[in-house]
1. Do the conditions hold for residue 99, that is, is it modelled with pLDDT of 95 or more, outside any helix (DSSP H, G or I), within 22 Å of residue 7 (Cα to Cα) and in contact with a helix residue (DSSP H, G or I) (Cβ under 6 Å, 6 or more places away or on another chain)?
2. Restricting the search to the range 70-93, which residues are within 25 Å of residue 2 (Cβ to Cβ), over 14 Å from the mean Cα position of the chain (by Cα) and not in a helix (DSSP H, G or I)?
3. Only one of (1) modelled with pLDDT of 95 or more; (2) in contact with a strand residue (DSSP E or B) (Cβ under 8 Å, 6 or more places away or on another chain); (3) over 19 Å from residue 110 (Cβ atoms) fails for residue 18. Which number is that?
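The values are calculated or read from the model by the stated rules, or taken from the named source; none is laboratory data. If you're wondering where the values come from, they're calculated on a predicted model, not measured in any experiment. Cβ atoms come from the backbone with ideal geometry, glycine included; neighbour counts cover every protein chain shown.
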């Protein structure tokens, strides 16, 4: 179940600060506050989606297409020419904020 008080929902609503690098009507991109790479960005849809399955099941086709088309644009505009994208789904997979989001990781050689 989606928690409307999660940290990403609060950033989207401007209830708390987040360094927004990009924003449009469907999504935002911010810097991760605990980076795991030289460049660590988060792309977050504005809709109330818990994880990837929720997003791909309940978002409109246009929203899904826009989201995934924007990831490489946001990466490049923020200095990530080569990058890894990761979306954790569920606590056992490492998801800590239960609002769907995608990590963009880049910089020095990334380990597996």
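1. In short, yes.
2. Once the filter is applied, which keeps residues that are within 25 Å of residue 2 (Cβ to Cβ), over 14 Å from the mean Cα position of the chain (by Cα) and not in a helix (DSSP H, G or I), the range 70-93 yields only 90.
3. Here residue 18 meets the rest and fails (1).
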